[in-house]
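Chemist: Could you have a look at this structure, given as structure tokens, before my questions?
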Amino acid sequence: MGVVRTKDLADNLNLELIAGEAGLDKEITTSDISKPGIEMTGYFKYYPKERIQLIGRTEMSYFLELPEAEQQHRIDTLFADETPGVVIARGMEVPQLFIDEGNKKHVPIFISPLKTTRVLSRITNFLEAKLAPFTAVHGVLLDIYGVGVLITGGSGIGKSETALELVKRGHRLVADDSVEIRQEDYEHLIGMAPNLIEHLLEIRGLGIINVMTLFGAGSVRKFKKINMVIDIEEWDEEKEYNRLGLEEETEQIMDVVLPKATIPIRPGRNLAVIIEVAAMNFRVKLLGLNPAEEFSERLNSMIEQTKHDLE
């Protein structure tokens, strides 16, 4: 989880700072946004002062109709030392009371020309992405037929070489060697490459190659939602591998459980083609079709028919 400060919000969302510049280094600890409508009436019992405060037309209209003494009370309580910032939507004119209090308590005040709902959506999306749980895994992430495939396996097993073959076949590289993963909302994992190794592949014997330089801009992606995991391992003669696909493996990364396939390798197996087919099979299952279950049903029908014929 990264550290987000109020100035990061301003820089990324093009907000105009009008007061409280001294508080731009305040840390934002939650992606939740507060619209202090009930607080404008004077009820501050559950006021979430640690959140970004968003003032829309309704809140501002109510505030301006209050007597001067009540306006001062609302502003004194609304602007707390912990408050990371106040955003005024719709480009509305900001009362001098806001500006004075923002400068006094070092609470940055911004103006956005956008409607309140649009500002709320943009701020929430930005903060959820930046404050999302984070981890990094050793592997390769590719976009194969629109499916985010995370390839894992031991060092030297051939992950990068397989990724190179898949890129040559028209698929897109997201990250090689180290994949940074953020959990956005409760069920989505977004993978990307660290800035240092973005677009790069390490091929033993050749060294580091730049995929975008060799294959063009269409061969890479900045980030991709991870849909499935494929683990590559050396073929073990004593291990029983899944031959029908009825028993589905899974792997949990942070709070998200992903479908997983373990692919054993030995000479003669075309790993790139197998991974392509795994991605296509994943898409087919999303449509409600499962070849393994279809085969099982056919087999059971045949057994039942044979029993009936023998009777």
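Chemist: What percentage of the solvent-accessible surface of the range 127-255, computed with a 1.4 Å probe over protein heavy atoms, is contributed by carbon and sulfur atoms?
Modeler: Of all accessible area on the range 127-255, carbon and sulfur atoms account for 48 percent.
Chemist: What percent does the relative contact order of the chain come to when contacts are Cα pairs within less than 8 Å and at least six residues apart?
Modeler: It rounds to 14 percent for the chain.
Chemist: For the cross-link pairs 224/260; 26/224; 115/224; 168/285; 105/222; 7/222, which exceed 28 Å when the distance is taken from alpha carbon to alpha carbon?
Modeler: Violating the 28 Å limit, Cα to Cα: 26/224; 115/224; 105/222.
Chemist: Just to confirm the number: angle between the C-alpha axis of helix 291-310 and the first principal axis of the chain, 0 to 90 degrees, nearest 10?
Modeler: For helix 291-310, the angle is close to 40 degrees.
Chemist: Please give the per residue accessible area of the chain, computed with a probe of 1.4 Å over protein heavy atoms only, in Å².
Modeler: 56
Chemist: Hey, could you pull the Cα Rg and Dmax for the range 157-249, both in Å?
Modeler: My reading of the Cα-based Rg and Dmax gives 15.5, 44 Å.
Chemist: Oh, and also: Taking 0.36 nm per residue of separation and subtracting the Cα-Cα distance, what length does fully extending residue 14 through residue 138 add?
Modeler: So the chain would gain 41.1 nm between residue 14 and residue 138.
Chemist: When the helix-only estimate is applied to the chain (DSSP H runs of n ≥ 4, each -39,500 (n - 2.57), divided by the residue count), what is the mean residue ellipticity at 222 nm, nearest 500 deg cm²/dmol?
Modeler: -10500 deg cm²/dmol, from helical runs alone.
Chemist: Counting only the backbone N, which residues of the range 81-95 are under 19 Å from the spot 7 Å out from the Cα of residue 61 toward its beta-carbon?
Modeler: The answer is 88-95.
Chemist: Would you check the accessible area of residue 224, probe 1.4 Å, heavy atoms only, in square angstrom rounded to 10?
Modeler: Rounded to the nearest 10, that gives 30 Å².
Chemist: Let me ask something additional. Of (1) 23.4; (2) 20.8; (3) 24.5, which is the value of Kirkwood radius over Cα pairs in Å derived from the coordinates here?
Modeler: Computed from the coordinates, Kirkwood radius over Cα pairs in Å corresponds to (1).
Chemist: Taking a point 7 angstrom from the Cα of residue 236 along the C-beta vector, which residues in the range 252-289 have backbone N less than 13 Å away?
Modeler: Answer for this model: 262-265.
The values are calculated or read from the model by the stated rules, or taken from the named source; none is laboratory data. Because the structure is predicted, anything quoted here is derived from the model rather than measured. Heads up, the Cβs are rebuilt from the backbone with ideal geometry, glycines too, and the neighbour counts pull from every protein chain shown. Quick note on the areas: whole protein, heavy atoms, side chains included, nothing else; ligands and nucleic acids left out. Shrake-Rupley method; radii C 1.70, N 1.55, O 1.52, S 1.80 Å.
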